[in-house]
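The values are calculated or read from the model by the stated rules, or taken from the named source; none is laboratory data. Just so it is clear, the model here is predicted, and its values are computed rather than measured. Glycine gets a Cβ as well: all are built from the backbone with ideal geometry, and neighbour counts include every protein chain shown. SASA here: full protein model, heavy atoms, side chains in, ligands and nucleic acids out. Shrake-Rupley method; radii C 1.70, N 1.55, O 1.52, S 1.80 Å.
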Amino acid sequence: MNNITKLFTTTVLAASLLASAVSHAHGIWFAQRNNQLALLYGIGADDLDMVKRYSMVKSIAGFDAGGKPVPTSLIKTDHLILVDTENQPALVAAVLDNGTWSKTPEGKWLKKGKDEVPEAVVSEQNYKYAVLIRGQLSALLPLLPGQTLQILPVDATLPALLGQSMKLRVMYQGKPVAGARVLHDWINDPDSEQLKTAADGTVTIKVRNQGLNVIVAIFNSAPEDPKKTNTVEHLASLSFVLPHAPE
């Protein structure tokens, strides 16, 4: 095998491994638990221990329907991380720094950089972002502080029924980003085919649930420290609830 063939094979293998790693990433999102709003961590039906990850949360913020800040905070309990909604925020946003992870050839993830795991097939710095829309907005969803990667509905009015189309725009560092991977139902179908954003950052999905919807976008940027990681993975969620018919 000549050097060019070796380089091509290595590049394809690395890209394949990275895509596999990305498709099974974990994220954060907001959802009701016992009539209280909670910040959750996991993927699909795997609602993992958020309490032990409490120190990783770097910010929590609330906003009114026009995007003006509203005081809010997190409440740590013995089994959940709840959001203080006393001031009735229309939007809630959070950021979690999940640190550096490396995957061994055997498929095991270690919370170390590739400088400590030289045989790693991929090493990532991971950031998680979450935005919740509570009810309807009075204007277009704005770019929110700290949300390096954010999913924005193109229209101010959310769809009313499942199955309706919804156009989204994914923004990275305040600008539309092409090639971001979008999953339209993070909770019920996290292994579905990923859509990719167009040059203007847009993608159109079908709303999946007459209830909680959690949409996820994933984008990889250049490593902050190439000695430790191959890439920075940004995973953003957008959550909203379509109300069911009256009882």
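With viscosity set to 1.002 mPa s and temperature to 20 °C, compute the Stokes-Einstein D of the range 47-134, Rh being the Kirkwood radius across alpha carbon pairs; µm²/s, no decimals.
So the translational diffusion coefficient is about 143 µm²/s.
Please report the net charge: other residues with Cβ closer than 14 Å to the Cβ of Val51, K and R +1, D and E -1.
With Lys, Arg at +1 and Asp, Glu at -1, the neighbours total +1.
In the chain, what percent of the accessible surface is made up of carbon and sulfur (1.4 Å probe, ligands and nucleic acids excluded)?
Details: 6770 of 12350 Å².
That share works out to 55 percent.
For the chain, what is the percent of antiparallel DSSP beta bridges, rounded to the nearest 5?
85 percent
If all Cα-Cα distances of the range 119-247 are sorted into 5 Å bins from 0 onward, what percent lands in each bin, rounded to whole numbers?
Answer for the range 119-247: a P(r) of 2, 11, 20, 23, 19, 12, 6, 4, 2, 1, 0, 0 percent.
Which aspartates and glutamates, if any, have their Cα less than 20 Å from the Cα of Lys114, not counting same-chain residues under 8 positions apart?
Partners found: Asp97, Glu106, Glu124, Glu224, Asp225, Glu233.
How big is the accessible area of Ile75 in square angstrom, nearest 10, if you roll a 1.4 angstrom probe over the protein chains?
80 Å²
Specify whether the C-alpha gyration tensor of the range 161-233 places it in the rounded, prolate or oblate class, a ≥ b ≥ c being the square roots of the eigenvalues: rounded for a/c under 1.5, otherwise prolate if a/b is larger than b/c and oblate if not.
prolate
Percent of alpha carbon pairs in the chain separated by more than 33 Å?
19 percent
How big is the accessible area of His26 in square angstrom, nearest 10, if you roll a 1.4 angstrom probe over the protein chains?
Taking all protein chains as shown, His26 has close to 60 Å².
Once both axes come from the Cα atoms, what is the angle between helix 3-23 and the longest principal axis of the chain, in degrees from 0 to 90, rounded to 10?
20 degrees
Suppose a student asked you for the relative contact order of the chain, using Cα pairs under 8 Å spaced at least 6 residues apart; what percent would you report?
Relative contact order for the chain comes out at 18 percent.
Per residue, what accessible area does the chain have, given a 1.4 Å probe and all protein chains present, in Å²?
Result: 50 Å² per residue.
Checking the table Lys58/Lys167; Lys112/Lys228; Lys58/Lys128 against a 19 Å threshold on Cα-Cα, which pairs fail?
Lys58/Lys167
Say we join alpha carbon atoms closer than 10 Å with springs in a Gaussian network model of the chain; which of Lys128, Lys196, Lys76 then has the biggest fluctuation?
Judging by the Gaussian network model, the answer is Lys76.
Among Val214, Val70, Val131, which one moves the most in a GNM of the chain with springs linking Cα atoms closer than 10 Å?
Val70
Restricting things to Cα coordinates, could you compute the convex hull volume per residue of the range 86-162 in Å³? Please list the in-between numbers first.
Working: hull volume 12.3 nm³, N = 77.
Spelled out: Cα convex hull of the range 86-162, divided by residues, is 160 Å³.
Using only the alpha carbons of the range 60-195, what is the convex hull's orientation-averaged projected area in square nanometres?
Convex hull of Cα atoms, orientation-averaged projection: 11.0 nm².
With Rg and the Kirkwood Rh both taken from Cα atoms, where does Rg over Rh land for the range 196-247?
1.19
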